[in-house]
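Laboratory data are not the source of any read-out in this text; all were calculated from the coordinates shown. None of the values given here were measured: they were computed from a predicted structure. Note that each Cβ is placed from the backbone with ideal geometry, even for glycine, and that neighbours are counted across all protein chains shown.
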Amino acid sequence: MLAPFILSAFVVVVPQTAAPLKSLPKASVEAIQLLLQDEQRAEALYAAVIQKHGELRPFSNIIEAERCHQGALEGLLESYGLPVPANPWKDRKVEVPATFKAACEAGVQAEIKNVALYDRLMKTVKEPDLLEVFERLRWASQERHLPAFRRHAGR
């Protein structure tokens with residue numbers, strides 16, 4: 001059975017099986033977990049910005065994409081029979097910039113760091129299914145999220 005995850009204008013399909021496909025090397029598991037935490041951190045920041053500055057774009061759109069990114073990464077863990085770790089950002093207080101423009105600049109920086117993290121971690125995994133999901137999530141951050149934040153930051 002396949003579980004689709006809608007990401008921006010495309011769908012990532014993560015195989016869902018009753019039994020794990022095979023075991024993953026420790027580096028691959030850690031890569032998924034680090035990326036998941038980064039997506040959760042971004043969601044926490046964007047939620048805090050929305051709470052402080054209101055339901056404004058690009059935060060109102062991108063927060064949903066971050067949740068989809070998390071779903072795709074969680075789907076990878078589940079497809080290998082691995083537990084999804086608790087969200088360490090769930091109840092953390094996140095500092096929000098005072099102005100909306102500064103919040104958009106924080107979004108720019110968050111997405112730049114996210115793309116760099118994908119770039120670094122994609123070098124540590126060899127599994128084609130992981131690389132496909134990572135590449136698509138990286139693409140969305142680089143080609144959709146980052147330009148949206150830059151526009152709203154006045155760059």
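Observations, loosely collected:
- Residue within the stretch 59-71 that is touching a residue at least 12 places away in the same chain (Cβ under 8 Å) and more than 11 Å from the chain's Cα centre (by Cα) present: yes
- Search result, residues across the stretch 58-79 that are buried (at least 21 other Cβ atoms within 10 Å of the Cβ), under 29 Å from LYS22 (Cβ atoms) and of a type in the set (A, V, I, L, M): ALA72, LEU73, LEU76
- You will find that of GLU43, GLU66, GLU39, the residue that is touching a His at 6+ places or on another chain (Cβ under 6 Å) and under 15 Å from ASN114 (Cβ atoms) is GLU39 and no other.
- Criterion: under 18 Å from PHE149 (Cβ atoms) and buried (at least 17 other Cβ atoms within 10 Å of the Cβ) - qualifying residue of GLU55, GLU39: GLU39
- Among the residues of the stretch 72-118, those that are free of Cβ contacts under 8 Å to residues at least 60 places away in the same chain and among the aromatic types (Phe, Trp, Tyr) comprise TRP89, PHE100.
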